[in-house]
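This report refers to the structure that appears directly beneath it.
The values are calculated or read from the model by the stated rules, or taken from the named source; none is laboratory data. Because the structure is a prediction, the values reported are computed rather than measured. In this analysis, Cβ positions are derived from the backbone assuming ideal geometry, glycine residues included, and neighbour counts consider all displayed protein chains.
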There are 2 protein chains.
Amino acid sequence: MKVSIIYPASEKHIVKHSAQHRYMVDESAERYKNITLPHLEQEQLSLEWLYNVLEHRKEKERILYEDPCDENGFILLPDLKWDGKTVEQLYLLALVRRRDIRSLRDLTPAHLALLRNVQARGIAAIEERYGIGASQLRIYLHYQPTFYHLHMHFTYLRYDPPGTNCEKAHLLSTVINNIELLGDYYQRATLSYALKETDKLCAKFIASESEEPAAKRTKTDIDPSQ
Amino acid sequence: MKVSIIYPASEKHIVKHSAQHRYMVDESAERYKNITLPHLEQEQLSLEWLYNVLEHRKEKERILYEDPCDENGFILLPDLKWDGKTVEQLYLLALVRRRDIRSLRDLTPAHLALLRNVQARGIAAIEERYGIGASQLRIYLHYQPTFYHLHMHFTYLRYDPPGTNCEKAHLLSTVINNIELLGDYYQRATLSYALKETDKLCAKFIASESEEPAAKRTKTDIDPSQ
């Protein structure tokens with residue numbers, strides 16, 4: 001049995017790890033602007049721990065690979081859920097150096113070089129250290145992410161950790177391709193995801209449902225009689 | 001413990017249920033045309049069982065909902081993996097009536113009405129019968145699918161059956177939105193998915209890697225030194 005201990009645990013941590021109902025949300029570009037963005041600007045947790053890692057003030061010994069370039073650089077290190085040894089459960093995170101990209105929603109063609117750099121160098125570093133090649137890796141972003149500073153997950157394809165499901169994980173290869181196909185894809189797309197009922201963002205979406213005109217409600221905007 | 005018995009089991013069934021390595025494949029439009037499409041035209045299993053369901057020759061009593069319209073019609077029935085009773089594990093399949101859509105790859109704006117119809121009427125039927133609303137459902141397509149006749153999966157959001165991960169499942173809401181954003185999205189996109197090593201398609205992709213010029217190899221086409 002593996003037990004994870006979180007100490008100190010904030011209220012957000014406690015809520016995150018309790019069993020609860022989830023709700024699917026269809027986040028249009030408009031809803032992102034009117035609901036999600038104001039919410040995350042208001043509720044964002046401090047990213048000090050992350051800046052400490054990027055600036056080598058903490059966890060320097062855990063870094064597997066670093067590209068120090070300001071624009072396309074990143075740090076690759078084991079996810080806190082991984083013991084760093086059991087290759088069958090390989091789980092690493094890439095934290096980009098840039099501080100101006102909150103999530104998928106901010107990505108544009110200007111970031112393609114960064115995304116491709118993380119993909120190629122992350123793969124190469126993992127292959128060198130663990131002997132696991134690109135074809136054995138699942139590389140993805142979460143939306144919504146746990147924290148709003150762009151990062152990517154690298155997990156072993158044979159391992160199914162939580163957070164790899166289609167209502168949360170977006171393959172990096174798909175993200176890159178979407179932007180190649182349509183430069184403003186992530187500014188225009190409706191992104192669907194599941195929110196826990198205790199998430200404040202969930203409450204805001206539910207509240208907005210009753211305010212929006214019926215024609216704009218995502219789940220009810222398709223009239224089968226038509 | 002729940003045991004599924006498949007009888008008679010074809011070689012394909014045996015291979016499908018054995019533990020095995022998987023490989024990530026990035027299927028560009030070109031690779032779909034040159035590798036996947038010829039493969040599935042050659043290897044396609046008979047769809048007679050499915051046509052029997054659509055024509056009411058079999059399993060008529062299992063149908064939860066039917067829209068008999070030729071163009072946008074479909075049949076909704078419990079997936080064979082679901083007992084049809086335990087709501088916590090709800091799993092239904094929508095089989096479209098049209099026989100000319102193999103998979104995601106064939107979808108164009110001409111199919112938007114069909115996709116929206118399945119979404120809206122499928123949700124309504126499930127809500128009426130099981131009391132589970134749209135916000136509690138995960139509605140998705142598989143790519144690659146198990147059989148090449150367009151169908152959609154409806155599962156309870158709180159339940160995580162196999163096949164909901166980001167390297168296999170595509171949310172119907174995302175599929176609809178992608179086509180709305182870019183009419184020929186599914187003819188142009190690079191779609192990534194995991195193949196089992198015993199899958200003949202996997203062998204064809206691996207063989208093609210050594211034939212394609214290096215510049216076209218998906219996993220190696222990004223040179224970190226650039």
Selected residue (criterion: nearest to A:Glu128 (Cα to Cα)) from residues of region A:44-88 that are in contact (Cβ under 8 Å) with a residue 40 or more places away in the chain and part of a strand (DSSP E or B): A:Tyr65
Answer from A:Thr146, A:Thr108 - the residue that is of a type outside the set (D, E, K, R) and modelled with pLDDT under 95: A:Thr146
Total residues in region A:103-120, condition closer than 21 Å to A:Phe147 by Cα, hydrophobic (A, V, I, L, M, F, W, C) and either away from every other protein chain (no Cβ under 14 Å) or not in a helix (DSSP H, G or I) (or both): 1
Some residue of region A:28-39 being more than 20 Å from A:Ala189 (Cβ to Cβ) and touching a residue at least 12 places away in the same chain (Cβ under 8 Å): no
The lone exception for B:Asp100 - which of (1) in contact (Cβ under 8 Å) with a residue 12 or more places away in the chain; (2) within 17 Å of the chain's Cα centre (by Cα); (3) not in a helix (DSSP H, G or I) it fails: (1)
Filter result for B:His153 (of a type outside the set (Ser, Thr, Tyr), closer than 25 Å to B:Lys200 by Cβ, within 14 Å of chain A (Cβ to nearest Cβ) and not in a helix (DSSP H, G or I)): yes
Subset of region A:156-194 that is in a strand (DSSP E or B) and more than 7 Å from chain B (Cβ to nearest Cβ) - its residue that is surrounded by the most Cβ atoms within 10 Å (Cβ to Cβ): A:Leu191
